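To keep things clear, I will list the structure first and then write my remarks on it.
What follows draws every value from the coordinates through simple rules; no lab data is involved. None of these values were measured; they are calculated from a predicted model. Cβ sites come from the backbone with ideal geometry, for glycine too, and all protein chains shown count toward neighbours.
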Amino acid sequence: MTFAPHALAIPSQRQCYRMMAVMEMMPHIAAHSIQVCRVAVWLCQALEAAGRARLNLELVRAGGLLHDITKTRSFTTGEDHAQSGQVYLTRQGFGEVGSLVAQHVVLAAFDPEAPPNEAELINYADKRVMHDRIVSMPRRMADILARYGTSAQRRDRLRRLWQETERLEAKLFAGLGPDPEQVEEVLGPEGLAAALQEFGGCLQAAAGPVSGG
Ligand SMILES: [Fe+2]
């Protein structure tokens with residue numbers, strides 16, 4: 001058997017849903033992940049259409065769905081879910097997706113001049129989705145500060161992270177057409193409802209006898 005040297009192992013949407021079920025992802029985290037996926041996929045398609053980047057749509061979809069794959073477990077264990085998500089996915093054979101998951105809180109590197117990449121899309125999309133709602137960056141920042149800014153040191157770190165995300169937003173939307181405030185309007189609520197329904201169906205199937213595929 002031979003393998004293409006640069007072929008990436010990327011789980012299908014169905015495989016992502018099954019991993020979410022296996023990891024017993026809480027329903028609100030699943031809804032958040034599905035919404036992050038929608039934002040990231042939309043951005044991916046918009047950037048491609050604008051000729052701004054060549055991106056792997058399947059990688060973006062999987063990264064969005066799986067970025068919080070170990071978060072439910074982390075509530076019990078206290079583990080760093082960005083790191084442990086990478087470990088989990090790498091062990092499943094999906095190292096490239098794992099690399100995106102590792103960077104969904106903090107990017108490993110940021111070059112404002114380089115073409116947008118998949119890790120940036122997941123990192124940014126996560127910062128536009130509060131629970132399962134698409135919100136502005138300032139709204140999400142207020143939420144993150146309230147939830148995680150438990151000390152002056154943590155608040156400082158979050159503010160620095162936010163400044164970096166503002167630079168990322170400026171980079172992603174430069175010459176794109178729609179501006180950041182239009183994302184919610186462009187995506188609308190119907191697509192999320194349909195995606196949640198599809199996910200629910202997959203969970204029911206996963207609860208039944210395991211069959212291949
Ligand atoms: Fe997360």
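Residue count for region 93-132, restricted to those that are without any contact (Cβ under 8 Å) to a residue 60 or more places away in the chain, over 15 Å from GLN163 (Cα atoms) and among the aliphatic types (A, V, I, L, M): 7. Residues in region 131-145: is at least one buried (at least 22 other Cβ atoms within 10 Å of the Cβ) and small (Gly, Ala, Ser)? No; the residues of region 131-145 include none that is buried (at least 22 other Cβ atoms within 10 Å of the Cβ) and small (Gly, Ala, Ser).
Annotation note: of GLY201, GLY191, GLY175, the sole residue that is in a loop (DSSP other than H, G, I, E, B) and either touching a residue at least 12 places away in the same chain (Cβ under 8 Å) or surrounded by fewer than 16 Cβ atoms within 10 Å (Cβ to Cβ) (or both) is GLY175. The residue of region 38-54 that is nearest to PRO112 (Cα to Cα), among those that are touching a Gly at 6+ places or on another chain (Cβ under 9 Å) and assigned to a loop (DSSP other than H, G, I, E, B), is ARG52.
Candidates ARG140, ARG167, ARG160: the one that is without any contact (Cβ under 8 Å) to a residue 40 or more places away in the chain and either more than 18 Å from GLY64 (Cα to Cα) or in contact with a Phe, Trp or Tyr (Cβ under 8 Å, 6 or more places away or on another chain) (or both) is ARG160. Restricting attention to region 72-125, the residues that are closer than 18 Å to GLN15 by Cα and not polar (S, T, N, Q) total 13.
Could you tell me whether GLU48 is closer than 25 Å to PRO189 by Cβ and away from the ligand (no atom under 16 Å from the Cβ)? Yes. Take the conditions (1) closer than 23 Å to GLY188 by Cβ; (2) within 13 Å of the ligand (Cβ to nearest atom); (3) touching a helix residue (DSSP H, G or I) at 6+ places or on another chain (Cβ under 8 Å); ILE34 misses just one of them, which is (2). Of all residues in region 30-44, none are surrounded by fewer than 17 Cβ atoms within 10 Å (Cβ to Cβ) and in contact (Cβ under 8 Å) with a residue 12 or more places away in the chain.
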